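What follows is one structure encoded as structure tokens, with my remarks underneath.
Bear in mind that the values in this text are calculations on the coordinates, not laboratory data. These numbers come from a predicted model, not from an experiment. All Cβ positions, glycine included, derive from the backbone under ideal geometry; neighbour counts span all protein chains shown.
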């Protein structure tokens with residue numbers, strides 16, 4: 001092999017620059033951009049999670065933000081390349097939230113239930129129903145010290161969206177937001193938040209129940225229970 005034909009080493013990480021605007025910039029203490037290093041092959045969904053960790057309290061606003069590359073809006077499955085510039089677009093004038101009626105996310109930071117409710121709010125709805133899954137401290141006679149959730153991120157995000165879109169169509173929902181947290185959670189913390197809006201309360205209640213039951217059955221997310229007696233146990237939510 002000649003020097004000119006040697007293969008270049010594969011890059012394991014990429015650098016992406018996120019541009020922040022308007023309310024998001026103010027919520028991020030005036031920062032106009034954030035540079036992130038991500039694993040090679042990352043997509044917009046992974047960028048959204050990494051950015052939420054960087055922005056701390058401003059992360060709640062990300063639920064209503066859209067992402068744009070080269071002047072065009074893109075979805076969470078859009079691949080990223082090294083050196084790419086991504087615009088993070090807060091809700092624009094004349095609208096309270098994203099035009100997308102479905103929002104799903106896997107996050108590591110604490111979930112803000114109010115942000116989910118705000119995302120689904122619309123004057124077309126007569127009802128908003130939300131569900132919060134929280135970490136239970138006592139199960140039978142055993143005490144939980146903490147839970148640790150792990151997900152197959154790419155598939156889990158895709159399944160969450162499939163479930164949300166099916167629920168919206170089946171129950172005629174106006175808007176829906178589903179946020180599931182991964183990582184360590186202490187008793188009382190929120191592990192999953194679901195908010196739906198519909199013209200009537202029966203649709204909203206039925207749609208919300210459908211989503212949580214489908215998540216527990218079909219989404220590849222596992223939890224490890226760490227008990228006060230020092231034992232640990234991995235459990236799929238559908239078996240809990």
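Quick rundown of the values:
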read-out	value
P(r) tail fraction, the chain - alpha-carbon pairs more than 35 Å apart, %	19 percent
Candidates 121, 199, 29: whichever shows maximal mean-square fluctuation once the chain is modelled as a Gaussian network with Cα springs under 10 Å	29
FRET efficiency, 1/(1 + (r/R0)^6) with R0 35 Å, evaluated for residue 142 and residue 13 via beta carbons	0.25
Relative contact order of the stretch 99-199, defined on C-alpha pairs under 8 angstrom at six or more residues apart (%)	48 percent
Packing-based order for 72-83, 152-163, using average beta carbon neighbours within 10 Å, highest first	152-163, 72-83
Relative packing of 171-177, 13-19, 48-54, which averages over residues the other C-beta atoms within 10 Å, highest first	171-177, 48-54, 13-19
Length-normalised contact order for the chain - Cα pairs under 8 Å, 6+ apart - percent	18 percent
Distance from the stretch 23-66 to the stretch 154-174 (C-alpha centre basis), Å	23 Å
Simple spin-label estimate for residue 184 and residue 68 in nanometres, 7 Å along Cα-Cβ	4.0 nm
Ranked packing of 130-137, 104-111, most packed first, by mean Cβ within 10 Å	104-111, 130-137
Computed [θ] at 222 nm, deg cm²/dmol, the chain (DSSP H ≥ 4; -39,500 (n - 2.57); rounded to nearest 500)	-8000 deg cm²/dmol
Rh by Kirkwood over Cα pairs, then Stokes-Einstein D for the stretch 101-240 at 0.692 mPa s and 37 °C, µm²/s	214 µm²/s
Contour minus Cα-Cα distance for residue 209 and residue 108 (0.36 nm per residue)	34.0 nm
Virtual spin-label span in nm between residue 169 and residue 26, 7 Å along Cα→Cβ	4.0 nm
With eigenvalues of the C-alpha gyration tensor scaled by 5 and rooted, the stretch 10-94, Å	21, 14, 11
